[in-house]
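The block underneath contains the structure these notes are about, expressed in structure tokens.
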Ligand code: AMP
């Protein structure tokens, strides 16, 4: 496929504000794609040249992109002809237009060049890939000249979109489930293959790899996709229930219970001595936690493994679990080694997904746990087996819950003994019980920041007076609104929201956001905030779980913490969960925990 054809699709995708249209346009694009290029197209429509978890350094600063644009179009563009500093001219135009692509398209059009327009999707992908790979001396110059040479060969519409890729500002708002729907539609004519595609995606998190396998080996190829060390697995998720009795009904007469540690979820991928770490939201965090990498090399007794655990700051001398506020200090870009010594983490391993070349997600939890015990020790200094008790009654749950909370832990995780590991799935295999700030059982909701209201009065200085937040509708792959939050944030938190919002501001409502209210400005759905609310109510204003014009809303919402580093927008609380919380709150009065 020619890149200019893909660029025309970018135009169409950019113009729509409806998710169903996104799916249709994408499926037309996918119909035109060959097996060798479908993977690349899947990355390119999300503005990338690799799966999102690979730390490719495509990133170019605005000034470098401006330099490349100035160089590409300087000789013939009337605007730039004779300008003493083309880069500054480009930046001026960029400031006027608010987007580098829009500045570039104008210059490319004015430049009256002749382009052969012959570059294919694979050619452009290859050149962008080179930009990501340059390292060492002269990197900056190499990046600028590669981008500028590439731009020279492209038609204006292609220029417009290509420029936004290294800048990270190609915002078509296409979520992964939308891509999966479109792949099914393109090949099968309907969305019936979405579950098979999704299951393959949940195991590898790599859209390009899944799409290519699908195109080359069909539906059968998809079903035989297994976990791969180095590709993150979408984590299994926990359900909530209102009481221990309810939990027992789901779990059966015998079940496992583990402390719920309040730290970061870490997936360790080990292959020989090579260790990579992934976060809850599948980011590669290997460089952030050198102590865990070394611990995993030393203490995990397996040739290859994928195991999961919760990393938490821990004082081995006093056996004390430190609060989340301490653990979170380890999320940093600088002085990493220094902090690793000052605040070492212990990884409490709780599940094993892959061992010595074999995907073991399908075998029962009970068996996986035995294998985990065979490769990780109870008293490892960095990687340690999480405590597990096999329980049988509500009384035992209450006792263990109280013990865990009194040790400063967050609560309990109950696990079904015969359950497989379902990547990316819920399904009552795991049930979580969390303590609230006051010590009883309550829940918080993970909301996505969708928009921002202007600051008035004292808050004018922050530029943000309130937030519009939503939850995730898994079935529709949409973000639906659930609350406006105007109080319950400290000044510092308001400042932080303002700073975040500025970075992800978009000019119109994103296609995947479904809202009846209009904030001062919309943001890309990206940042997750943990919100504590008194109650879930019904409201005509919001679109969460909307039926006959009435949706769900949060009463008295307060911000608990920013979860931008560990949850993706699609990992926020779902509409289904909100429905359950709504129903459960009436049963809460007889909670025994
Ligand atoms: P939540 O983030 O509140 O939905 O709770 C689920 C999270 O609890 C998981 O993603 C893990 O990060 C964390 N967690 C802590 N302890 C455990 C455990 N023993 N088993 C599974 N997950 C745990």
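The values are calculated or read from the model by the stated rules, or taken from the named source; none is laboratory data. All values reported here derive from a predicted model rather than from experimental measurement. Because the Cβ atoms are built from the backbone with ideal geometry, glycine has one as well, and the counts that use them run over all protein chains shown.
Observations on the model:
- None of 232, 242, 253 is in contact (Cβ under 8 Å) with a residue 12 or more places away in the chain, part of a loop (DSSP other than H, G, I, E, B), away from the ligand (no atom under 13 Å from the Cβ) and within 22 Å of residue 387 (Cα to Cα) except 253.
- Failed condition for residue 247, given (1) over 30 Å from residue 52 (Cα atoms); (2) at pLDDT below 95; (3) not in a helix (DSSP H, G or I): (3)
- Residue check: residue 46 meets all listed conditions (1) part of a helix (DSSP H, G or I); (2) within 30 Å of residue 477 (Cβ to Cβ); (3) modelled with pLDDT under 90 but one, namely (1).
- Yes/no for residue 200 being touching a residue at least 40 places away in the same chain (Cβ under 8 Å) and either outside the structural domain of residue 286 (by TED's automatic domain parsing) or assigned to a loop (DSSP other than H, G, I, E, B) (or both): no
- Boolean, residue 331 is surrounded by fewer than 21 Cβ atoms within 10 Å (Cβ to Cβ) and either assigned by TED's automatic domain parsing to the domain that holds residue 299 or away from the ligand (no atom under 16 Å from the Cβ) (or both): yes
- Identification of strands (runs of 3 or more DSSP E) wholly contained in segment 489-584 with 3 or more residues that are within 16 Å of the ligand (Cβ to nearest atom) yields 528-532, 558-562.
- Hits in segment 306-320 - residues which are in contact (Cβ under 8 Å) with a residue 12 or more places away in the chain, more than 11 Å from the ligand (Cβ to nearest atom) and in a strand (DSSP E or B): 306, 307, 313, 314, 320
- Residue count for segment 80-131, restricted to those that are within 18 Å of residue 168 (Cβ to Cβ) and touching a strand residue (DSSP E or B) at 6+ places or on another chain (Cβ under 9 Å): 0
- Screening 139, 146, 213 for residues that are surrounded by fewer than 15 Cβ atoms within 10 Å (Cβ to Cβ) and not assigned by TED's automatic domain parsing to the domain that holds residue 504 leaves exactly one candidate, 139.
- For segment 256-282, filtering for residues that are part of a strand (DSSP E or B) and within 8 Å of the ligand (Cβ to nearest atom) leaves 5.
- Selection of strands (runs of 3 or more DSSP E) fully inside segment 340-451 by the criterion of at least 1 residues being within 16 Å of the ligand (Cβ to nearest atom) and without any contact (Cβ under 8 Å) to a residue 60 or more places away in the chain returns 345-355, 383-385.
- Among residues of segment 113-131, those that are without any contact (Cβ under 8 Å) to a residue 24 or more places away in the chain and part of a loop (DSSP other than H, G, I, E, B), counted: 1
- Residue match in segment 132-151 (condition: under 29 Å from residue 234 (Cα atoms), assigned to a helix (DSSP H, G or I) and at pLDDT below 95): yes
- Across segment 111-131, the qualifying residues are those that are over 18 Å from residue 5 (Cα atoms) and modelled with pLDDT of 85 or more, and the one among them that is surrounded by the most Cβ atoms within 10 Å (Cβ to Cβ) is 131.
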